[in-house]
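Here is the structure we will look at.
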4 protein chains.
Amino acid sequence: MKILLSNDDSVFAKGIHALHEALQQHHEVTVIAPDRNCSGASNALSLHQPLRIQQLDNGFYSVNGTPSDCVHLGVNCFLEEEPDLVVSGINHGANLGDDVIYSGTVAAATEGRYMGLPAIAVSLASHEGNYFETAAQVVLDIISKLKHHPLPANQILNVNVPDIPYAELSGIKVTRQGRRHRAEGMQPSQDPFGRTIYWYGPAGAEQDASEGTDFHAIANGYCSVTPLDVDMTAHQSLEEMKDWLNK
Amino acid sequence: MKILLSNDDSVFAKGIHALHEALQQHHEVTVIAPDRNCSGASNALSLHQPLRIQQLDNGFYSVNGTPSDCVHLGVNCFLEEEPDLVVSGINHGANLGDDVIYSGTVAAATEGRYMGLPAIAVSLASHEGNYFETAAQVVLDIISKLKHHPLPANQILNVNVPDIPYAELSGIKVTRQGRRHRAEGMQPSQDPFGRTIYWYGPAGAEQDASEGTDFHAIANGYCSVTPLDVDMTAHQSLEEMKDWLNK
Amino acid sequence: MKILLSNDDSVFAKGIHALHEALQQHHEVTVIAPDRNCSGASNALSLHQPLRIQQLDNGFYSVNGTPSDCVHLGVNCFLEEEPDLVVSGINHGANLGDDVIYSGTVAAATEGRYMGLPAIAVSLASHEGNYFETAAQVVLDIISKLKHHPLPANQILNVNVPDIPYAELSGIKVTRQGRRHRAEGMQPSQDPFGRTIYWYGPAGAEQDASEGTDFHAIANGYCSVTPLDVDMTAHQSLEEMKDWLNK
Amino acid sequence: MKILLSNDDSVFAKGIHALHEALQQHHEVTVIAPDRNCSGASNALSLHQPLRIQQLDNGFYSVNGTPSDCVHLGVNCFLEEEPDLVVSGINHGANLGDDVIYSGTVAAATEGRYMGLPAIAVSLASHEGNYFETAAQVVLDIISKLKHHPLPANQILNVNVPDIPYAELSGIKVTRQGRRHRAEGMQPSQDPFGRTIYWYGPAGAEQDASEGTDFHAIANGYCSVTPLDVDMTAHQSLEEMKDWLNK
């Protein structure tokens, strides 16, 4: 299979190297990834300045842009043959619940979907990053299952994997997104010149981590696989809104 | 009502000034918006460098970040009192169909929703920008209806308004997102130093603009109001996936 | 006289507004300045992405680039008539000794000189910024003297003014650059995500602030005027180097 | 000798790899260079956001900043032992005449000088980059001569080398900076969204390329070595200015 591999932690991250290592044993893999850490980039596109791409010594391609830029440039222009699948990751750290909407890792997969390709985002649910090979193996497992069960045209898979040996995984759970508590308040601080600055802090704790959520799966040693719909319409509310909005 | 007003076209854009002008006649409005054009910023957060905020002569606040940064900083830290509503826009140009996932305008509203606040994104469906006051009036109309019909906790409204006089509007339609055709291929070009660069081009044409979509409403002179769900889980696929993923 | 006014603290800084206010009473002034704080930008040119310019409500022009970009774009392309003089400032804080080579304020003047125009950089030697009007008056004084004593083709003036009332100035001194001690060591710190980062700290203290230097003039209540040569060749060393380099 | 090697074309450029290859056969070399192309960065310092450094697979260090940042961070903080020499290059393309003040390659050397270290900037005078090994050998030659003829405390060497085999060099010339004609006018163009943008174009042609200049040396097949003085004071004008400025 021809796979376009990207991520948001940059072309230099350990996670994308581990995933490339595993995928290229079975597939034809091209890596196109950001030249800088783009965690939190969401689906941002670099509309205001031009993109540039360069090949590194290891054959990976590096782009001065976002994860979405990498996939768009690759599929729409740079690659001679269209890939069969877009894979994004392995992210350093989980993408659970509300994280999904901010994640550049998920966004690279979403961009693949918008280009008409099946797509998987994968994250290792720990910042220590001990068992990237576990996540890589899970991706291989899922790819072989997708052959017989293709994803619907509007969907991607968001996969989170516990940072433990593959043999110790409890299994795999199909999950819905949980919810985080609102993030801790930003606090003003000062740069060394005495000017006020504001930094984001770590994400909030789990608010909805009940059974069925991605949080719950990870907390219990399961891989979490959440199908995400790139159509954000709240279909369930359309009828009710028609009632009151036109009054 | 206390309103936090942001956008993605920057604190200097005509659209946000027009909306501020209309809103402040009935509400207490604080403007916090990006210092540069952030069209296409999606829900990006500036996690890798600190934010700075400054007040301009007209009282608006300007932030060296994204639309999501503006709303997060405002609600989570900067404003003394939490707003009752987040409004984002008026965007210069439509945000229809697939645009939604890339739009910084929609993202500012989404961020408000994640902070626990009702939120509206509004766009004027033309790049000429002749009738911002039409869109501003539509926002006022919707705000007064929301008093009696509060939005569900996971939803925001994505409002697109035709660029015509208010009196000529055909009405208001509750819509689902349409779909665009895949964007035109990026073409490589050269910078003045002869190096290869890639620019995004304009968005693709409509692929699904059938009745019921946001595209269809705008094309027929209606305001389009699409409820968006910030939970992206493809709930409809969970059961089926459980069958094949665990085999 | 037609004056192009720029700075490095951004088009929103108090210093450039104060200088514009004073200059425009006697001259025809166009302001083109960076849209963000560019302290420390030196003579950097934005060669890798395109520049954009917009006019603000107060008539000032704002550019997404460096001080050198602003002057280059203004003189080389944007202004219909070539200015007679480039003025840069009033910088918030002194530009003394080694500061000169890093200063975006000085660089805007240097760029003017490279375009063939006389140029003055002016800084208020305090971060409190109480008496910008003093520095503005000093610039007016110097401009009127330059009419009869034009600057040589390779030179610009670097003016530093004490932050005191104009009537209390001790006078004006022609000075040479002093020297700072090597800056305090950068110390590694951590961002809120636990990653190592490095910030510059304040500049080092004076190492050569002896009589005749810019430091000495300011410390004694004088304006400091240092002529700077944009040719950096160490002419005094050419002969001696020829001896040993070709052996 | 312990050498800190940097450049402005980025840690991935062919020129810095060629120079590292040659230097490390005789010296202990650490590479710290920008993660992106910083041509035109001049002496810019990243004062407004923190620096980050990472080690690549080949042992080189990559910094999200300018050439001056790389040298400052290396000497002031990151390296356990202070280097004996800072070398910057090999730049892809000449740094002659007016180029010097904009060059990030020269700036990295200047920063070394400000930290108290001897410093050499080296450029290959062609954009084809066929004979980087010639420039590397010239640097080795100069380093061995500097042992017996140390540079004055305010000076660095700006070396330009013709892009021809080492054996075909006409020799080495000590030169002064020539002058370029004012750059070609920027022309407004449009981005793909129809918005006006401005790009820099190639540098102007030679205006002063007479005998004794760096331009003249290169044009005649010689290496050009220009001593640059990091003190920009126009000492020759101080006395005359005192006369008229205080009247």
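Residues D:222, C:114, arranged from fewest to most other Cβ atoms within 10 angstrom of their Cβ, appear as D:222, C:114.
With its label point defined 7 Å out from Cα along the Cα-to-Cβ axis, residue D:207 lies at 3.4, 5.6, 6.3 nm from the matching points of the other copies, in increasing order.
Working note: Karplus 6.51/-1.76/1.60 with θ = phi - 60° gives the range A:25-30 the couplings 6, 10, 9, 9, 10, 10 Hz, where Gly and Pro are set to x. Take each residue of peptide A:172-182, count the partner chain Cβ atoms within 10 Å of its Cβ, and average: the result is 4. For the pair the range D:64-94 / the range A:34-91, the C-alpha centres are spaced 29 Å from each other. The aspartates and glutamates within cross-link reach of residue D:173, meaning a Cα-to-Cα straight distance under 16 Å and a gap of 8 or more places when in the same chain, are C:239, C:240, C:243, D:141, D:163, D:211, D:214.
Derived from the Cα gyration tensor, the three semi-axes of the equivalent ellipsoid of the range A:55-103 are 23, 14, 11 Å, largest first. When each of C:244, C:199 is scored by the number of other beta-carbon atoms lying within 10 Å, the sequence from fewest to most is C:244, C:199. Springs between Cα atoms under 10 Å define the GNM used for chain D, and in it the highest mean-square fluctuation of D:166, D:61, D:198 occurs at D:198. Classify chain A as rounded, prolate or oblate from the Cα gyration tensor: take a ≥ b ≥ c as the square roots of its eigenvalues, call it rounded if a/c is under 1.5, otherwise prolate when a/b beats b/c and oblate if not. Rounded shape, in that the Cα axes give a/c under 1.5.
Sorted shortest first, the distances from the residue A:58 label point to those of the same residue in the other copies are 1.4, 4.9, 5.0 nm; each point sits 7 Å from Cα along Cα-to-Cβ. Think of the axis that spins chain A onto C; the A residue whose C-beta lies nearest it, and the distance in whole Å, is A:49, 2. The alpha-carbon atoms of the range A:91-154 define a convex hull whose volume equals 85 cubic angstrom per residue.
The order of A:60, A:12, D:193, going from fewest to most other C-beta atoms within 10 Å of their C-beta, is D:193, A:60, A:12. Across identical copies of the chain, residue A:24 has label-point separations of 2.1, 5.8, 6.0 nm, listed in ascending order, with the point defined 7 angstrom from Cα along Cα→Cβ. Within chain D, the whole DSSP H helices whose Cα atoms reach 20 Å or more along their own axis and whose mean Kyte-Doolittle score is at least 1.0 are D:132-146.
Per the Cα gyration tensor, the protein assembly as shown maps to an equivalent ellipsoid with semi-axes of 51, 35, 24 Å, ordered largest to smallest.
Taking every C-alpha pair closer than 8 Å and separated by at least 6 residues, the mean separation divided by the residue count of chain C gives a relative contact order of 17 percent. The residue list D:161, D:31, D:190 was ranked by how far each Cα lies along the charge dipole of chain D toward its positive end, using unit charges on Cβ atoms, and D:190 comes out on top. Counting only residues at least eight positions apart within a chain, or on another chain, the lysines with an alpha carbon under 23 Å from that of residue D:14 are D:2. For the listed peptides B:141-152, C:30-41, A:228-239, a ranking on the average number of other beta carbons within 10 Å per residue, highest first, reads C:30-41, A:228-239, B:141-152.
Under the criterion of Cα pairs below 8 Å and six or more residues apart, the relative contact order for the range B:136-206 equals 23 percent.
Based on Cα atoms of the range B:6-143, Rg over Rh with Rh as the Kirkwood radius reads 0.93.
Shape descriptor for the range C:65-183: Rg over Rh equals 0.97 (Cα atoms; Rh from the Kirkwood inverse mean 1/r). Here the calculated FRET efficiency for residue A:24 and residue D:166, from their Cβ-Cβ distance with R0 = 35 Å, stands at 0.30, rounded to the nearest 0.05. Close amide-amide hydrogen proximity is noted between residue B:204 and B:183, B:184, each under 5 Å apart and 5 or more residues distant or on a separate chain (H modeled in the peptide plane; Pro and chain starts excluded). With a 10 Å cut-off around each Cβ of B:9-16, the average count of Cβ atoms from other chains is 1. Each Lys and Arg contributes +1 and each Asp and Glu -1, all at the Cβ; summed about the Cα centre of the range D:51-194, the dipole is approximately 600 debye.
The charge dipole of chain B, taken about its Cα centre with unit charges on the Cβ atoms of Lys, Arg (+1), Asp and Glu (-1) only, comes to about 320 debye. The mean count of C-beta atoms from other chains within 10 Å of the C-beta of residues in C:25-34, rounded to a whole number, is 0. Need one word for the range B:141-247: rounded, prolate or oblate. Basis is the Cα gyration tensor (sqrt eigenvalues a ≥ b ≥ c); a/c below 1.5 gives rounded, then a/b vs b/c decides. Oblate, since a/c reaches 1.5 and b/c is not below a/b.
Read the figures in this text as sums done on the coordinates, not as results from a lab. Here the structure is a predicted model, which means the values were calculated and not measured. With ideal geometry, Cβ positions are generated from the backbone for all residues, glycine too; neighbour counts draw on all protein chains shown.
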